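Notes follow the structure.
The values are calculated or read from the model by the stated rules, or taken from the named source; none is laboratory data. Note that the structure is predicted; figures quoted are calculated from it, not measured. Please note: Cβ atoms are built from the backbone with ideal geometry, for glycine as well, and neighbour counts cover all protein chains shown. When the accessible area is computed, the model is the full protein with side chains, heavy atoms only, and any ligands, DNA or RNA have been set aside. Shrake-Rupley method; radii C 1.70, N 1.55, O 1.52, S 1.80 Å.
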Amino acid sequence: PSLLRRSGRSRAMAGFAPLNPTRILALVTLLFAGLGVCLGEVHGAFVHGVASGDPTHESIIIWTRVTPTGRDQPDNVDPSWHNEFDVTWTVSTSPPWRSPLPEANGFLEETAAGGEWVVKGAKGVIGGGSYKQVPDSSFQFGWDANSVVKTGTTHTTAQRDWTVKIDVNEGLTPNVRYFFAFTVGSSTGNPAATTKSVLSPVGKFTLPPEKGRAYPSASPPLQFAVFSCANWGFGNFHAYDAAWKGWGNGGLTAWLHLGDYYYEYGENHYPNAGEAVASRYGSLFPRNETITLTDYRERHATHRLDISLQKLHASAPMIAMWDDHEIANNPWTGGGENHQVREGDYETRVRAAIRAYHEWLPTREPVSSEWDDLANGPKAYNRTVHFGNVVSFVVLETRVVARTDPNANPYGNVFARLTKMIKEEEESGRTVGGASTAAPLNWPGSALEGKFKQMADDLDAYRSREDKELLGVDQMMWVGETTKSSRDSGVKWQAFAQASPVMNGNSPDIEKAASALDSEGEVPAPGPYDTWLDAVRAWTEYSGDASGGSNPEGGDGDVTVGAGGRAVATASARALLALGRYAINWDFDDWRGYVAERKRFLNAVTGNANRALILGGDSHDAWAGVVGDERETWETWGADSDSNENETSDFFASAVVAEFDVPGVTPPGAYEASFPWVPSALIDKGHLIANKKTMRYAKTTQRGFLLLEVSEASAKGSFIFTPSVRDTTYAPVCDAAFEVTPSGATLKAPSGRDDSASSHSSFTGTMLLNMKPSPCVSLPDSLFLGEGRDGYAGAVRVSSLRKTHDPADRSERDPEGVSPLVVIATATACALVGTLVGHYLPKKQNRKTAWRYLEVNGDNASARNSHLRRRSASRSPSQSEIEMETV
């Protein structure tokens, strides 16, 4: 009880006697005794799963994170950061046995897949991130002593955010399936600590043979899932779900993440509340942009709460590299586009981000802890991961070691500048034959066209500068050396895993794309238009007379188009037209902004590789293509659509590099977000035409991943799409696949270089490759286990999916629109139901009971909820935040 002092007199609160010193002493004694009991109840839980990564032929990194938790901790208060834990790890050739404790057996059941336990009657128990984890403490467990290969105990504290990372480098053999797990008990040093311990989820891995050594005969192709760009707020991680369910139970050799494992933005940017999926938006932590070490740790922790991602991490080793959003948008050695002075020192932010990255992922950390050591320090994460004689992944760092500023092009936001030019021309009142000179029909020979061409030339000169770097001199030299070492060891394929597309990526030519679509006749024209060309001319007011379906008010009004009934400003449509017609580059953050560096990189690759593959991400879209064998074209970027070469030329039969660029896991592509009114068929065809010598495949509206299958003879990439990320169910589909094989010819090393003196004197140059379409991979039945169950969340077959996701062609969306009467009726019904529920439900529901419901799953769930309740010490959670978390 507290005392109140009023008018200088002390009055006891009603119902309480005044406190004397004896009572105060007793109260303090009881308080400290209670605190000791509370501390004694703090124990570890495995809330964020387990992971493995960076395998060699004799070692691997295994990872987990211990979350301090306890049932007796007060709501909204985390256990003290002083808690420390001893964690035991075990690697075995067989998984641990596990069975429910007698007191838990009554409310648990095993899933159809076997080996997974769920709460009886729980909905949505298979797949996705929606099913409830059974608490680790509900089981008894043990290991077969004859199967245990290696075990040990380590210590973890708040200094590493209670993460655990072990380099298991003794007793392991290639081509053997291993299982690993961790156990933890109460925090150390507590007087009431018990011997109770819990078992983590179980992970698995298989080590590859030594570099250059063959896999056992009759081994199937190696399978690698490749991902990029996972934004929490934009939707569910279906790509992760599909990969582990479909290929993670024995088939997946490893998986790669090429960057943007998470995004640094806060709750009001990319996406904002209106763009985000509600359930994901409400569970994003921290709410602010990540800037400090604590921020980055919490964002990692949020992502690792996703069950699909946890399952993928447990299923196979990870090979990872950061891109920009693990730090800040478009970073370089001197700053970042998304870093402001008010946010503090940039270098401090970079170090915090990289430290958290190494803490939270199963990375093989650099040998030096010196931040200024750019060859061996924490920033220098470039490395090579070998898989026998089949493939070596050369992993490149392209952000913080050597990159020059990508944000300094002379026109700033290119599309905004183009749009402004066109608007200014319209407002000038200049005409030709009575029509505005801003109309595309009147561009040829005009002053406006001169400005477009000057812009293209200026931007090409800027991105071709010799002093612009992505890799830097030291890393470029390393690329050549490690590639040659792999080749000389007899490895068939060298795959360069890095963040961005390398092949040509000229802006889409929508005029020529429209003509091509009309000629092919396979995709119907959108909306009310008879032809695709009619649509393009209507959207752009091509002749300047406001005909063809444009806004009757003319000017820069809105034009209704065929993609979902969306509206578009005429100047915006004209700017998109100009991008393709005049080959104006707009993206300077990928290899398109570093043309001279790109040539240096390709020379290092082709002068040393046996057969070269490039893997890229960052764009959120799916691309497949090649780099041609004409070395002199590697630094010239004119539009391929202007080429007069024979249209039947097969540019993909003699490629020096084959490239697969993977789609994002959740965020929309650049064109999808910037031009939502344009049907994707037009954008995709426009890219293929503008880059016809290099680009074989383009899909700009689909999310998913790449399944890469590599054998000694061939490499095959299958694009697995997982629409829709906004829904809890999705219908996975293999949209296209391409096989790459040697063509029989070679490209001589650059500058007359002769490698005949090398240990493998037969090398005369990198093999030329042939990329051709291939049958799609079959989707395994394991993808659909549990389909049809009440509350199911996960993959469903296309035939059973109600069409709630965005179709591949956006022109199919909302073909008829929605009746206003339907909208009014629906809104009225929702308002009535909401009023009734809002009036009666609070009387029926006890808030405390609702909160305790979150804890029925025990320690594991309690720890997860405890993490989600973490807040900065500078503020308390608002009532709306508390309610959001307790529902």
Mind checking whether some residue in region 587-599 is assigned to a loop (DSSP other than H, G, I, E, B) and among the basic types (Lys, Arg)? no
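Quick one: which residue in Ala273, Ala239, Ala278, Ala214 is in contact with a Gly (Cβ under 7 Å, 6 or more places away or on another chain) and surrounded by fewer than 19 Cβ atoms within 10 Å (Cβ to Cβ)? Outline the logic, then answer.
Working: Ala273 fails: in contact with a Gly (Cβ under 7 Å, 6 or more places away or on another chain); Ala239 fails: surrounded by fewer than 19 Cβ atoms within 10 Å (Cβ to Cβ); Ala278 fails: in contact with a Gly (Cβ under 7 Å, 6 or more places away or on another chain).
Going through Ala273, Ala239, Ala278, Ala214 in turn, just one is in contact with a Gly (Cβ under 7 Å, 6 or more places away or on another chain) and surrounded by fewer than 19 Cβ atoms within 10 Å (Cβ to Cβ): Ala214.
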Flagged in region 416-432 as over 45 Å from the mean Cα position of the chain (by Cα) and open to solvent by 90 Å² or more (accessible area, probe 1.4 Å), in numbering order, are Arg430
Flagged in region 369-391 as outside any loop (DSSP other than H, G, I, E, B) and either open to solvent by 10 Å² or more (accessible area, probe 1.4 Å) or touching a Gly at 6+ places or on another chain (Cβ under 9 Å) (or both), in numbering order, are Arg383, Thr384, His386
Flagged pairs (Cβ under 9 angstrom, 6 or more apart or on separate chains; first in region 415-429, closer than 12 Å to Lys451 by Cα; second surrounded by fewer than 19 Cβ atoms within 10 Å (Cβ to Cβ) and among the polar types (S, T, N, Q)) are Glu425/Ser446
Going through (1) part of a loop (DSSP other than H, G, I, E, B); (2) more than 16 Å from the chain's Cα centre (by Cα) one by one, Asp324 fails only at (2)
All-but-one check, Tyr357 against (1) of a type in the set (Ser, Thr, Tyr); (2) assigned to a loop (DSSP other than H, G, I, E, B); (3) under 28 Å from Ala181 (Cα atoms), failing number (2)
Taking region 686-728 and keeping residues more than 24 Å from the chain's Cα centre (by Cα) and part of a loop (DSSP other than H, G, I, E, B) leaves Asn691, Lys692, Lys693, Thr694, Ser711, Glu712, Ala713, Ser714
A careful count of residues in region 72-95 that are closer than 30 Å to Val148 by Cα, hydroxyl-bearing (Ser, Thr, Tyr) and either at pLDDT below 95 or assigned to a strand (DSSP E or B) (or both) gives 3
The condition from (1) surrounded by fewer than 21 Cβ atoms within 10 Å (Cβ to Cβ); (2) at pLDDT 95 or above; (3) in a loop (DSSP other than H, G, I, E, B) that Thr154 misses is numbered (3)
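What number of residues within region 425-482 are part of a helix (DSSP H, G or I) and touching a Gly at 6+ places or on another chain (Cβ under 7 Å)? I'd like the intermediate steps shown before the answer.
Taking region 425-482 and keeping what is part of a helix (DSSP H, G or I), we get 425-428, 440-442, 447-463, 472-482.
Now narrow it down to the ones that are touching a Gly at 6+ places or on another chain (Cβ under 7 Å): 441-442, 463, 480.
Matching residues across region 425-482 total 4.
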Every listed condition ((1) farther than 26 Å from Ile166 by Cα; (2) without any contact (Cβ under 8 Å) to a residue 40 or more places away in the chain; (3) buried (at least 17 other Cβ atoms within 10 Å of the Cβ)) holds for Pro366 save (1)
For region 137-154 the number of residues that are touching a residue at least 60 places away in the same chain (Cβ under 8 Å) and within 25 Å of Glu58 (Cβ to Cβ) is 5
Screening Glu289, Glu267 for residues that are farther than 24 Å from Arg351 by Cβ, open to solvent by 10 Å² or more (accessible area, probe 1.4 Å) and part of a loop (DSSP other than H, G, I, E, B) leaves only Glu267
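Are any of the residues in region 774-786 modelled with pLDDT of 75 or more, closer than 30 Å to Gly250 by Cβ and touching a His at 6+ places or on another chain (Cβ under 9 Å)?
Let us first name the residues in region 774-786 that are modelled with pLDDT of 75 or more, namely 774-786.
Keeping just the survivors that are closer than 30 Å to Gly250 by Cβ gives 774-786.
Of the ones still in play, those that are also touching a His at 6+ places or on another chain (Cβ under 9 Å) are none.
Looking for residues that are modelled with pLDDT of 75 or more, closer than 30 Å to Gly250 by Cβ and touching a His at 6+ places or on another chain (Cβ under 9 Å), one finds none in region 774-786, hence no.
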